[in-house]
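*Asks:* Below you will find the structure I want to go over with you.
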Amino acid sequence: MTKRTAPVGRTLGILSLSALAYALAQTAVVPAIGALATGLHTSPQNVTWTLTGYLLSAAVLTPVLGRLGDMFGKKRLLVIALVVFAAGGVVAAVGPNLGWAVAGRVLQGAGGGIFPLCFGIVRDEFPAARRVSAMGLLSAIAGIGGGGGLLMGGLLIDHASYHWIFWSGVMMALAAAVAAQLLVPEPGERRPGRVDLTGAGLLAAGVTLPLLAISQAQAWGWGDTKTLGLIGAGVAILAVFGFAETRVAEPLVDMKVLARRPVLVTNIATVLVGFGMFGAFMLIPQFIETPEAAGYGFGGSATQAGLIMLPGCLMMLVAGPVSALVTQRFGARIALVLGSLITGAGLLLIAADHGSPAAVLGVTMVMFFGIGLAFAAMPNLIIDAVSPDQTGQATGVNALLRSVGSSLGSQLVAGILAGSVTAGRLVPTERAYVVSFLIAAGVSLTAGIAALFIPRGGATEPIPMLEEIGAAGLVAVAEPE
């Protein structure tokens with residue numbers, strides 16, 4: 001065991017760098033919307049397609065790359081994902097117009113596969129004593145990157161240019177790709193087979209249409225025919241996808257695995273925690289940057305908003321090891337419950353007291369500590385419930401659902417804030433922020449309640465009702481008489 005300590009530590013460092021490159025890119029462009037609009041000679045509303053394209057691409061490619069990693073080798077796919085991510089950064093950095101920037105961000109969406117591939121490498125390569133804490137660190141990086149990306153983007157916009165937001169990601173991704181190729185072993189067993197192209201196409205369409213509708217709902221309206229039509233079409237396609245996956249020998253996503261109680265309930269909680277987290281990431285910087293003349297807010301810059309959030313992001317690093325200790329003593333289920341409840345409590349506190357930068361900073365630390373606890377528990381719950389050759393696809397779906405929750409949270413709170421802006425008032429009302437914080441708190445607390453229904457000990461039995469009317473029933477229909 002002693003001989004493996006140094007390689008394991010080195011591998012974890014490389015995986016952490018890989019995860020951080022992707023995590024920072026999720027939000028680093030948010031403070032740069034105005035600068036991108038000016039530099040690309042377009043409107044801020046059009047620039048939001050750099051966020052939408054990235055989100056849609058990552059949502060589709062995350063489970064696909066996770067499954068391909070199970071089939072062809074997790075290290076190989078990790079290096080490929082990092083190289084494609086870096087190529088996307090180059091395209092976005094040097095592109096002369098919005099089309100190039102969006103194309104580059106779509107390529108960067110391949111980075112969505114980094115997390116499930118890293119989780120799979122940890123499961124295959126790390127000794128059991130190190131596995132839980134390693135998962136906690138990587139999961140914490142997902143949240144740290146979200147807040148750190150806002151700070152990094154603000155600093156680069158204030159002191160350099162938006163191009164460096166992309167170049168910084170390129171440098172990190174290439175460094176991680178070279179290190180992974182040279183120093184990370186190709187771990188674990190593979191599951192050779194054919195790529196389920198039909199399933200990949202159905203999943204891409206089924207996920208893209210609702211997320212596209214959600215991302216544009218603020219502009220179109222939630223009751224608009226386009227919004228409802230795209231959501232309805234996406235849900236219908238996903239139903240066809242679920243049916244089709246039970247009829248192929250080598251599915252992209254094994255529906256029986258998703259029907260297992262710990263996997264299903266953890267995924268539900270993941271959507272809810274993602275909702276609360278991104279709601280906070282959207283709300284707090286805007287609140288801090290609101291001019292004091294509005295009757296609230298602190299009139300801070302993007303950099304100052306990032307600095308106020310930074311201690312909270314660092315608390316997520318503390319939460320990772322704490323979550324590992326709770327998991328080892330009481331189980332990952334309890335860590336997820338505690339994390340969700342602490343997150344909800346933090347959101348309730350900031351709804352009640354947000355009158356000074358010190359109060360917002362302190363409550364943000366509480367909130368992000370809870371998010372870190374929850375995020376660190378999720379992959380351990382998933383991995384405990386699946387076999388090693390299913391790790392990539394299972395954690396890929398979990399990462400996808402976190403993106404869905406994040407998209408729902410960010411768009412809902414954006415809609416609430418926008419709805420309070422009137423012709424005579426150019427900024428949202430304080431009440432709109434309070435309502436948004438309370439909604440995010442309620443969703444986070446619901447995640448904690450949902451997590452209580454995860455079986456103790458990582459049980460892997462499917463939920464009977466789902467097994468009857470879902471995967472098993474569809475298999476029975478598919479079998480020839």
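The values are calculated or read from the model by the stated rules, or taken from the named source; none is laboratory data. Remember, it's a predicted structure, so these values are computed and weren't measured experimentally. Cβ placement follows ideal geometry from the backbone for every residue including glycine, while neighbour counts extend to all protein chains displayed. The protein model used for the area step is the full one, side chains on, heavy atoms only, and it has no ligands, DNA or RNA in it. Shrake-Rupley method; radii C 1.70, N 1.55, O 1.52, S 1.80 Å.
*Asks:* Would you mind stating whether Val273 is of a type outside the set (Ser, Thr, Tyr), modelled with pLDDT of 85 or more and part of a helix (DSSP H, G or I)? Quick ask: steps written out before the conclusion?
*Replies:* On the way: of a type outside the set (Ser, Thr, Tyr): yes; modelled with pLDDT of 85 or more: yes; part of a helix (DSSP H, G or I): yes.
Answer is yes for this residue.
*Asks:* Shifting gears a bit: Assigned to a helix (DSSP H, G or I), open to solvent by less than 10 Å² (accessible area, probe 1.4 Å) and at negative phi, is that true of Ser407?
*Replies:* Values: assigned to a helix (DSSP H, G or I): yes; open to solvent by less than 10 Å² (accessible area, probe 1.4 Å): yes; at negative phi: yes.
So Ser407 passes the test.
*Asks:* May I ask you to verify whether Leu209 is without any contact (Cβ under 8 Å) to a residue 40 or more places away in the chain, in contact with a Gly (Cβ under 7 Å, 6 or more places away or on another chain) and either aliphatic (A, V, I, L, M) or on the phi > 0 side of the Ramachandran plot (or both)?
*Replies:* Here the answer is yes, as Leu209 does meet what is asked.
*Asks:* For residues in segment 62-89 being of a type outside the set (Val, Ile, Thr) and closer than 28 Å to Thr42 by Cα, which is surrounded by the fewest Cβ atoms within 10 Å (Cβ to Cβ)? Give the steps one after another, and end with the answer.
*Replies:* Keep residues of segment 62-89 that are of a type outside the set (Val, Ile, Thr), which gives 63, 65-78, 81-82, 85-89.
Those still in the list that are closer than 28 Å to Thr42 by Cα too: 85-89.
Working: Phe85: 29, Ala86: 25, Ala87: 17, Gly88: 27, Gly89: 28.
By that ranking, first place goes to Ala87.
*Asks:* State whether one or more residues within segment 327-349 are under 30 Å from Glu245 (Cα atoms), out of contact with any Cys (no Cβ under 6 Å at 6 or more places or on another chain) and either of a type in the set (Gly, Ala, Ser) or open to solvent by 30 Å² or more (accessible area, probe 1.4 Å) (or both).
*Replies:* The answer is yes, given that some residue of segment 327-349 is under 30 Å from Glu245 (Cα atoms), out of contact with any Cys (no Cβ under 6 Å at 6 or more places or on another chain) and either of a type in the set (Gly, Ala, Ser) or open to solvent by 30 Å² or more (accessible area, probe 1.4 Å) (or both).
*Asks:* Please verify whether segment 252-269 includes one or more residues that are out of contact with any Phe, Trp or Tyr (no Cβ under 9 Å at 6 or more places or on another chain), in a loop (DSSP other than H, G, I, E, B) and over 29 Å from Ile416 (Cα atoms).
*Replies:* Yes, there is a match, as at least one residue in segment 252-269 is out of contact with any Phe, Trp or Tyr (no Cβ under 9 Å at 6 or more places or on another chain), in a loop (DSSP other than H, G, I, E, B) and over 29 Å from Ile416 (Cα atoms).
*Asks:* Just the residues that are closer than 15 Å to Leu381 by Cβ, in a helix (DSSP H, G or I) and not β-branched (Val, Ile, Thr), please, taken from segment 321-357. Break it down into steps so the answer makes sense when it comes.
*Replies:* Initial filter on segment 321-357 (closer than 15 Å to Leu381 by Cβ): 323-324, 326-328, 330-340.
After this cut, where a residue has to be in a helix (DSSP H, G or I) as well, the list is 323-324, 326-328, 330, 332-340.
Scanning segment 321-357 gives Ser323, Ala324, Gln328, Phe330, Ala332, Arg333, Ala335, Leu336, Leu338, Gly339, Ser340.
*Asks:* Taking the condition of being in contact (Cβ under 8 Å) with a residue 24 or more places away in the chain and closer than 17 Å to Met277 by Cα, how many residues in segment 324-364 meet it?
*Replies:* Of the residues in that region, 19 qualify.
*Asks:* Could you list all residues from segment 279-310 that are more than 21 Å from Val421 (Cα to Cα), at pLDDT 85 or above and not aliphatic (A, V, I, L, M)?
*Replies:* Result: no residue meets the conditions.
*Asks:* So which of Ile350, Ile284, Ile342, Ile288 ends up being touching a Leu at 6+ places or on another chain (Cβ under 8 Å) and within 30 Å of Leu155 (Cβ to Cβ)?
*Replies:* On the way: Ile350 fails: touching a Leu at 6+ places or on another chain (Cβ under 8 Å); Ile284 fails: touching a Leu at 6+ places or on another chain (Cβ under 8 Å); Ile288 fails: touching a Leu at 6+ places or on another chain (Cβ under 8 Å).
Only one candidate qualifies: Ile342.
*Asks:* Exactly one of (1) open to solvent by 10 Å² or more (accessible area, probe 1.4 Å); (2) modelled with pLDDT under 85; (3) among the β-branched types (Val, Ile, Thr) is unmet by Val253. Its number?
*Replies:* (1) is the only condition that Val253 fails.
*Asks:* Within the group Val102, Val64, which residue is at pLDDT below 95 and under 21 Å from Asn398 (Cα atoms)?
*Replies:* Sole residue among the options that is at pLDDT below 95 and under 21 Å from Asn398 (Cα atoms): Val64.
*Asks:* Looking at this structure, is Ala213 under 24 Å from Asp124 (Cα atoms) and surrounded by 16 or more Cβ atoms within 10 Å (Cβ to Cβ)?
*Replies:* Values: under 24 Å from Asp124 (Cα atoms): no; surrounded by 16 or more Cβ atoms within 10 Å (Cβ to Cβ): yes.
Here the answer is no, as Ala213 does not meet what is asked.
*Asks:* Are any residues in segment 422-462 of a type outside the set (Gly, Ala, Ser), at pLDDT below 80 and loosely packed, with under 15 Cβ neighbours inside 10 Å, and if so, which ones?
*Replies:* Step one: list which residues in segment 422-462 are of a type outside the set (Gly, Ala, Ser), which gives 422, 425-431, 433-435, 437-439, 443, 445-446, 449, 452-456, 460-462.
Keeping just the survivors that are at pLDDT below 80 gives 422, 425-426, 456, 460-462.
Of everything in segment 422-462, those that are of a type outside the set (Gly, Ala, Ser), at pLDDT below 80 and loosely packed, with under 15 Cβ neighbours inside 10 Å turn out to be Thr422, Arg425, Leu426, Arg456, Glu461.
*Asks:* Among (1) closer than 20 Å to Gly146 by Cβ; (2) open to solvent by less than 10 Å² (accessible area, probe 1.4 Å), which single condition is Leu361 missing?
*Replies:* It fails just one condition, (2).
*Asks:* While we're looking at this one, here's another question. Only residues that are within 23 Å of Met71 (Cβ to Cβ) and surrounded by 24 or more Cβ atoms within 10 Å (Cβ to Cβ): list them for segment 370-396, please. Give the steps one after another, and end with the answer.
*Replies:* Within segment 370-396, the subset within 23 Å of Met71 (Cβ to Cβ) is 379, 382-396.
Passing the criteria: Pro379, Ile382, Ile383, Thr391, Gly392, Gln393, Ala394, Thr395, Gly396.
Residue-by-condition table, conditions (1) among the hydrophobic types (A, V, I, L, M, F, W, C); (2) touching a residue at least 24 places away in the same chain (Cβ under 8 Å); (3) touching a Ser or Thr at 6+ places or on another chain (Cβ under 6 Å):
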| site | (1), (2), (3) |
| --- | --- |
| Val178 | yes, no, no |
| Val184 | yes, yes, yes |
| Leu203 | yes, yes, no |
| Ile237 | yes, yes, no |
| Val248 | yes, yes, no |
| Lys256 | no, yes, no |
